[in-house]
1. Restricting to the stretch B:84-107, give me the number of residues that are surrounded by 15 or more Cβ atoms within 10 Å (Cβ to Cβ), assigned to a loop (DSSP other than H, G, I, E, B) and out of contact with any helix residue (DSSP H, G or I) (no Cβ under 6 Å at 6 or more places or on another chain).
2. Residues in the stretch B:16-38 that are of a type in the set (S, T, N, Q) and surrounded by fewer than 20 Cβ atoms within 10 Å (Cβ to Cβ): how many?
3. Which one of A:ILE11, A:ILE99, A:ILE33 is more than 24 Å from B:LYS191 (Cβ to Cβ) and out of contact with any Pro (no Cβ under 9 Å at 6 or more places or on another chain)?
4. Only one of B:ALA74, B:ALA19 is hydrophobic (A, V, I, L, M, F, W, C) and away from chain A (no Cβ under 14 Å). Can you tell me which?
5. Output the residues belonging to the stretch B:136-162 that are in contact with a strand residue (DSSP E or B) (Cβ under 8 Å, 6 or more places away or on another chain), under 24 Å from B:SER13 (Cβ atoms) and surrounded by 19 or more Cβ atoms within 10 Å (Cβ to Cβ).
6. Could you grab me the full set of residues in the stretch B:114-142 that are out of contact with any Gly (no Cβ under 9 Å at 6 or more places or on another chain), more than 25 Å from A:GLN101 (Cβ to Cβ) and of a type in the set (Val, Ile, Thr)?
7. Applying the selection to the stretch B:9-43, what residues are in contact with a Lys or Arg (Cβ under 7 Å, 6 or more places away or on another chain), in a loop (DSSP other than H, G, I, E, B) and not small (Gly, Ala, Ser)?
8. Find the residue count for the stretch B:114-142, including only residues that are under 14 Å from B:LYS44 (Cα atoms), part of a loop (DSSP other than H, G, I, E, B) and either without any contact (Cβ under 8 Å) to a residue 24 or more places away in the chain or not small (Gly, Ala, Ser) (or both).
Amino acid sequence: MHELSIAQNIIEIVSQEMKSRQLKCVDTIALRIGALTCISPDALEFGFQAATVDTPLESTKLVIERLPVIGKCLSCGCEFEVEEYVFICPECSSRNLDITQGKEVEIAYLEAT
Amino acid sequence: MAEKVTIEKKVLSENDRLAAEIRSTLENLGVFCINMVSSPGSGKTSILERTLAHFGESIPTALIAGDVQTENDADRLKKAGGKTVRAIETGGACHLDAKMVKRVLDDIDLQDIRLLFIENVGNLVCPASFDLGEDLKVVLMSTTEGDDKPLKYPSMFRRSSVMIINKCDLLGLSNFDKEKARENALTINGKMKIIEVSCRTGEGLEEWYDWLESSVAQKKR
């Protein structure tokens, strides 16, 4: 499952930040995850917990903000939330869209001492 | 007292960095690169066998075949005439990533290569998240799968430029509705180019070969 790869990447990035910023303890990792990434928050939390046993991040919690898919119609300019993965403009029915939000897998911030 | 520490970093930034390096190398050498994705068994290896047999040496091609276990696909591609074939056995990972691909590419002489196929692990979920430095993704599905496949895997079908419907010689033997499958694909991705083929009989492959030839020709050195 790729959530484990994602969790391992998060651990690597946060561990580097702890070193470079001399952080002793990270209470929370705040993530932004777009709905088009097919990343399951439960699976990610599970993977993160499994991968942090006996490490400095063992007690760290993940806080996950889910971002909806936002499309921008290139025909009429309408910006809308893409519902049920139907990539059709609700105003003019064009399929000529840009996706402006929904693919994010980001670490927004940490809460740390 | 815990403090907020702003990070604002992409989790896959390392993969993206390596993918950008791959993309830049292939750009400089004029190599057109396709990331082939599908469920297991849709026909990725079969269409590559057909492609190798058709073009022969007229389009110098390199192929990377990824699987969790075995080098079976790479062996098939060598037998089909592939001169530059490498296997990646992930040993567990359900997708290829840029680090795996770069390691293999660093070992291939790409000077004379014009076309690179990366046959990803059979999986329509995870490979969508991992940029491999390709020009585009080609997604395969077959008539022995559900015609709602594009709706079930929107991320992958949205990120692909071409959809190949394989096993068209078996139409009518299942409830697969080809028009519904096309409509579903276009609902997810209005720009999707759709090619209907049978790797077994050869039906429809001319369109695939023509598209490939033209795409390779457009990628200048």
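1. Of the residues in the stretch B:84-107, 3 are surrounded by 15 or more Cβ atoms within 10 Å (Cβ to Cβ), assigned to a loop (DSSP other than H, G, I, E, B) and out of contact with any helix residue (DSSP H, G or I) (no Cβ under 6 Å at 6 or more places or on another chain).
2. Residues in the stretch B:16-38 being of a type in the set (S, T, N, Q) and surrounded by fewer than 20 Cβ atoms within 10 Å (Cβ to Cβ): 3 in total.
3. A:ILE11
4. Exactly one residue qualifies, and that residue is B:ALA74.
5. Hits for the stretch B:136-162 are B:LYS137, B:MET156, B:ARG158, B:ARG159, B:SER160.
6. Across the stretch B:114-142, the qualifying residue is only B:VAL138.
7. B:VAL31
8. The qualifying residues number 4.
Values quoted throughout were computed directly from the atomic coordinates according to the rules given, and no laboratory measurement underlies them. Keep in mind that what you see is a predicted model, and the values were worked out from it rather than measured. Glycine gets a Cβ as well: all are built from the backbone with ideal geometry, and neighbour counts include every protein chain shown.
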